[in-house]
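A.B. asks: Let me begin by handing over the structure; questions about it come next.
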Amino acid sequence: WQRRAALALPPNHDPRTIALARQWRQETPDPAQLTQRFMQWLRRDFKYTISAPPVGFNATDDFLFGTRLGFCQHFSSAYAVFMRAAGVPARVVTGYVGGHYNKLGEYWLLKNKDAHAWTEIWLDGRGWVRVDPTAAIAPENILDTLDDLQARQQAGLAGPADQVLGPMFDGTDF
């Protein structure tokens, strides 16, 4: 049942993603090589921004074949949908990357801006393997970050998208 769950896709969603994943899997049967191919596509054709435009019913198709603009949730979920459609069990994982270690108190301080989403795929003989599609984005294709949002807010230059995202990623402690 766990394998079935890690391969499940909602019905009637993202037909272009599913078709491409099946085509690429035929051409590139090894999941690790398929992952490399997907990551090269991201590196070449996609941009990171926290001001990504909204997507619709076929969110993965809209992202992969339309906007090509997104942040970690876009990249991790698109990769998971793609790999599931290719027959590779996949799941999105959320947590934190970074944080600040307080040596005096011997604890980690995590802020909202440390939140991150990545993906894991199941590889036979290895188990769940972490894959971070966001890390594939070329540095020159990073348009803005949460630190940029915070700077715009502090300078009084926040726009409409910033006002929506700001409360979610304001950098305050939990």
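The values are calculated or read from the model by the stated rules, or taken from the named source; none is laboratory data. Keep in mind the model is a prediction, meaning the values are calculated, not measured. Cβ placement follows ideal geometry from the backbone for every residue including glycine, while neighbour counts extend to all protein chains displayed. What goes into the accessible areas is simple: the full protein's heavy atoms, side chains included, and nothing from ligands, DNA or RNA. Shrake-Rupley method; radii C 1.70, N 1.55, O 1.52, S 1.80 Å.
A.B. asks: Report yes if Ala8 is touching a residue at least 60 places away in the same chain (Cβ under 8 Å) and surrounded by 14 or more Cβ atoms within 10 Å (Cβ to Cβ), otherwise no.
C.D. replies: The answer is no for Ala8.
A.B. asks: Being open to solvent by 10 Å² or more (accessible area, probe 1.4 Å) and either basic (Lys, Arg) or not in a loop (DSSP other than H, G, I, E, B) (or both) is the filter here; which residues of the range 114-125 pass it? Before you say what the answer is, go through the steps one by one.
C.D. replies: Restricting attention to the range 114-125, the residues satisfying the condition of being open to solvent by 10 Å² or more (accessible area, probe 1.4 Å) are 114-116, 118, 120, 122-125.
Once the filter is applied, which keeps residues that are open to solvent by 10 Å² or more (accessible area, probe 1.4 Å) and either basic (Lys, Arg) or not in a loop (DSSP other than H, G, I, E, B) (or both), the range 114-125 yields Asp114, Ala115, His116, Trp118, Glu120, Trp122, Leu123.
A.B. asks: Contact list please: Cβ distance under 7 Å, first residue in the range 132-143 and touching a residue at least 40 places away in the same chain (Cβ under 8 Å) and part of a helix (DSSP H, G or I), second residue open to solvent by 20 Å² or more (accessible area, probe 1.4 Å) and among the hydroxyl-bearing types (Ser, Thr, Tyr), pairs at least six apart or on different chains.
C.D. replies: Close Cβ pairs (under 7 Å, with a partner that is open to solvent by 20 Å² or more (accessible area, probe 1.4 Å) and among the hydroxyl-bearing types (Ser, Thr, Tyr)) amount to Thr134/Tyr48; Asn141/Tyr48.
A.B. asks: Ok, one more. Starting from the range 25-44, take each residue that is open to solvent by 80 Å² or more (accessible area, probe 1.4 Å) and list its partners that are of a type in the set (A, V, I, L, M) and not in a helix (DSSP H, G or I), counting only C-beta distances under 7 angstrom and pairs at least six apart or across chains.
C.D. replies: Close Cβ pairs (under 7 Å, with a partner that is of a type in the set (A, V, I, L, M) and not in a helix (DSSP H, G or I)) amount to Arg43/Ile137; Arg43/Ala138.
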